[in-house]
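Report on the structure given below.
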Amino acid sequence: MKQKVYFKTFGCRTNLYDSQVMMSSLKEYDITENEEEADVIVLNSCTVTNGADSHVRSYIGHVEKTSKAKIFLTGCGAHTKGEKLLAQKRVHGVFGQSEKQKIDFMLSQEQPFYNPGDLNHIDESVVGDFIGKSRAFIKIQEGCNFRCSYCIIPFVRGDARSMDETRILEQISKLALNGFGEFILSGTNVGSYGQGIGTSLSRLMKKISQIRGVRRIRLGSVEPIQISDEFKEILDEPWLERHLHIALQHTSPQMLKLMNRRNVYKQDRELFEFLHEKGFAIGTDFITGHPGESEALWSQAMENVRALPLTHLHAFTYSKRDGTPSATMKPEVNGMLAKQRLHELEELIKVKNTAFRKAFGGELEVLIESEKEGLFHGFDQHFNKVVVKSDEDLVGNWVSVQKYEAREDYNYAEL
């Protein structure tokens, strides 16, 4: 009887994709979605913040207390915490992202090992299904050439490089034949796709849209400077999500310089207002409590955020990453104060999101992803949560919702 493997994934959409690659490559083991029956656990880790590292360590502690399963560590945390965890005998093996297609070989190793892999690796895998998912995550690029002062990711994911277009299209064609209609393009820096190989993100998306069965294309986070004139030409296409996640990280011009960011607030605001007028919901990333964030700069930042037509937010408090320029910057911001600022920002965007949903009033195109106690959950074209009450099983279906109620955190409808 084959041993059973449970995959535990932390972090971003790129990690979700990498986990699917490992699942698709697994031949000598069976996959289980039940952690309790696993003989082996593959922990696909994130290391973007101290909190991410803590979650990984806590999960390992949980497994140590509740299971005899053998733990293998991969993902970004393999590069920053892997050797230490291996030395502490808390994991049996550590391997980098480039080794994921060799998953059978990795899991078969009898002796503890550390194999960080190759940071110049480019994926050549083709995933034909996504286990337990109704949407498909497609990794189109890896790595980042930006060097934001606070970020460890380029050191654990390498420089930006694009996946082969033919393989991307082949993969989406297979997934579309298997019934997937929504595709989320992911990567470390999605907007850099095509650099150095004579193409671009918008050109790739046009080709994807021509594949039979593709209904909606979503994007991971892009940079403001990556919304080029060429990209703007696809904004009215019916297959493009009506939500864009554009990373700002801050709205104080002085803080943006400290963070070594490439965006400029004045230009960011002009871009966001342009997209808002075209009907887009707009999300952003934001860091509170970065060294140097004085009360005056925070007040300026909040004033600028109030002026932006934002609807979604992925924000977190600053987390010191050893080896980055920000790690030595002064003055540091008290952790409690950083959390207060985070909550202030979250409350503001929550109000803005509710106002956006109430003002829209149009038809919602919803892909239902899950069911709980007779209520079906999914996301509409603006990446807003929709809860639908229905007597029919709607999981995996597309639903057009015309009458709904804009509640505090989601839209509610009865069919």
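The values are calculated or read from the model by the stated rules, or taken from the named source; none is laboratory data. Quick caveat: nothing in here was measured; it's all calculated off a predicted structure. Neighbour counts run over all protein chains shown; Cβ positions are idealised from the backbone, glycine included.
Just a few scattered comments:
- Residue in the stretch 45-65 that is under 17 Å from the mean Cα position of the chain (by Cα) and within 16 Å of MET106 (Cβ to Cβ) present: yes
- Any hit, the stretch 316-327, residues being among the hydroxyl-bearing types (Ser, Thr, Tyr), closer than 22 Å to ARG216 by Cα, in contact with a strand residue (DSSP E or B) (Cβ under 6 Å, 6 or more places away or on another chain) and in contact (Cβ under 8 Å) with a residue 24 or more places away in the chain: no
- If only residues of the stretch 279-294 that are of a type in the set (Ser, Thr, Tyr) and closer than 16 Å to HIS343 by Cα are counted, the one that is farthest from the chain's Cα centre (by Cα) is THR288.
- Residue, nearest to ARG216 (Cα to Cα), within the stretch 142-181, restricted to residues that are hydroxyl-bearing (Ser, Thr, Tyr) and buried (at least 21 other Cβ atoms within 10 Å of the Cβ): SER162
- For the stretch 62-108, the tally of residues that are touching a strand residue (DSSP E or B) at 6+ places or on another chain (Cβ under 9 Å) and either farther than 20 Å from VAL156 by Cβ or among the basic types (Lys, Arg) (or both) stands at 11.
- For the stretch 312-327, the criterion of being among the acidic types (Asp, Glu) and at pLDDT 95 or above is met by no residue.
- Criterion (more than 21 Å from ARG216 (Cα to Cα) and touching a residue at least 24 places away in the same chain (Cβ under 8 Å)) met by exactly one of LYS372, LYS352: LYS352
- Residue match in the stretch 191-210 (condition: in a loop (DSSP other than H, G, I, E, B), out of contact with any Cys (no Cβ under 7 Å at 6 or more places or on another chain), among the charged types (D, E, K, R) and more than 21 Å from GLN267 (Cα to Cα)): no
- Any pair with Cβ under 7 angstrom, 6 or more apart, that starts in the stretch 282-298 at a residue that is free of Cβ contacts under 8 Å to residues at least 12 places away in the same chain and ends at one that is hydroxyl-bearing (Ser, Thr, Tyr) and in a loop (DSSP other than H, G, I, E, B): none
- When ARG218 is tested against the conditions (1) surrounded by fewer than 16 Cβ atoms within 10 Å (Cβ to Cβ); (2) not in a loop (DSSP other than H, G, I, E, B), the lone failure is (1).
- Checking the stated criteria, LYS27 turns out to be assigned by TED's automatic domain parsing to the domain that holds GLY93, in a loop (DSSP other than H, G, I, E, B) and not β-branched (Val, Ile, Thr).
- Count - residues of the stretch 133-176 that are of a type outside the set (S, T, N, Q), over 30 Å from THR288 (Cα atoms) and part of a loop (DSSP other than H, G, I, E, B): 4
- Qualifying residue in the stretch 40-61 (condition: closer than 28 Å to PHE155 by Cα, outside any helix (DSSP H, G or I) and of a type in the set (Phe, Trp, Tyr)): no
- The set of residues in the stretch 153-200 being over 15 Å from CYS12 (Cβ atoms) and basic (Lys, Arg) consists of ARG161, ARG167, LYS174.
- Selection from the stretch 182-204 of residues that are surrounded by 17 or more Cβ atoms within 10 Å (Cβ to Cβ) and among the basic types (Lys, Arg): none
- Search result, residues across the stretch 226-252 that are surrounded by fewer than 16 Cβ atoms within 10 Å (Cβ to Cβ) and more than 19 Å from GLU365 (Cα to Cα): SER228, ASP229, GLU230, LYS232, GLU233
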